[in-house]
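> Got a structure here, written out as structure tokens. Questions coming.
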Amino acid sequence: MSPFFKGLVVLAIHLCLVATLGAKLLYDRATLPRLWVSTVPYDPDLPVRGRYVSLQLIVEPRGIDESKKGSDQTSNPVSLRVENDRLLAVAVKGIPRNPSDLSVRYAKIDHEKVAVLNEPVAFFIPEHIPDPSRRNQGEQLWVEATVPRKGIPRPIRLGVSKDSGPIVPLNIK
């Protein structure tokens, strides 16, 4: 077998792997729940981080002990559920906490305490556009995302609502 033919075989295997991942993500986007989620911009302040916006998703906590709400982070792992176009973080009871589990922490935004996922999502943006997470007063940044059975939601596109109005998708290309 010539080196050229071996190279073509390796190329074909790599293309199949990439195509399989793309097909899985398209299948997930078509079959998994998908909704608009309110966000909080989060800058991890890393010197080498690429061109993306890091966002924390605002969730509605369910089944989290009232005594835990004052703390910065819950001790119980949570699972995500979609109900009535809202992203719910439901406490999972009876299993030990794993550091890789999703959990909820509380943050103050505009003098209001909200629950956000501890794991931010990354939305990659082109180099030539300004940072979409920097919004004017009265504007709220939203992300449309698919919610997998396990893990963090996968962002699809960004949108903005003005003064609690309808969400208008941003044209990011």
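> Under the condition of being modelled with pLDDT under 85 and of a type in the set (A, V, I, L, M), which residue from the range 90-103 is surrounded by the fewest Cβ atoms within 10 Å (Cβ to Cβ)?
ILE95
> Filter the range 133-143 down to residues that are at pLDDT 85 or above and crowded, with 17+ Cβ neighbours inside 10 Å and give me whichever is nearest to the chain's Cα centre (by Cα).
Per the stated criteria, the residue is VAL143.
> Are there any pairs, at least 6 apart or on different chains, whose C-beta atoms fall under 8 Å, with the first in the range 146-173 and closer than 21 Å to ARG51 by Cβ and loosely packed, with under 11 Cβ neighbours inside 10 Å and the second modelled with pLDDT under 90 and not aliphatic (A, V, I, L, M), and if so, which?
So the pair list comes out as LYS173/PRO126.
The values are calculated or read from the model by the stated rules, or taken from the named source; none is laboratory data. What you are looking at is a predicted structure, and each value in this text was computed from that prediction instead of being measured. Note: ideal-geometry Cβ built from the backbone for every residue, glycine included; neighbour counts use all protein chains shown.
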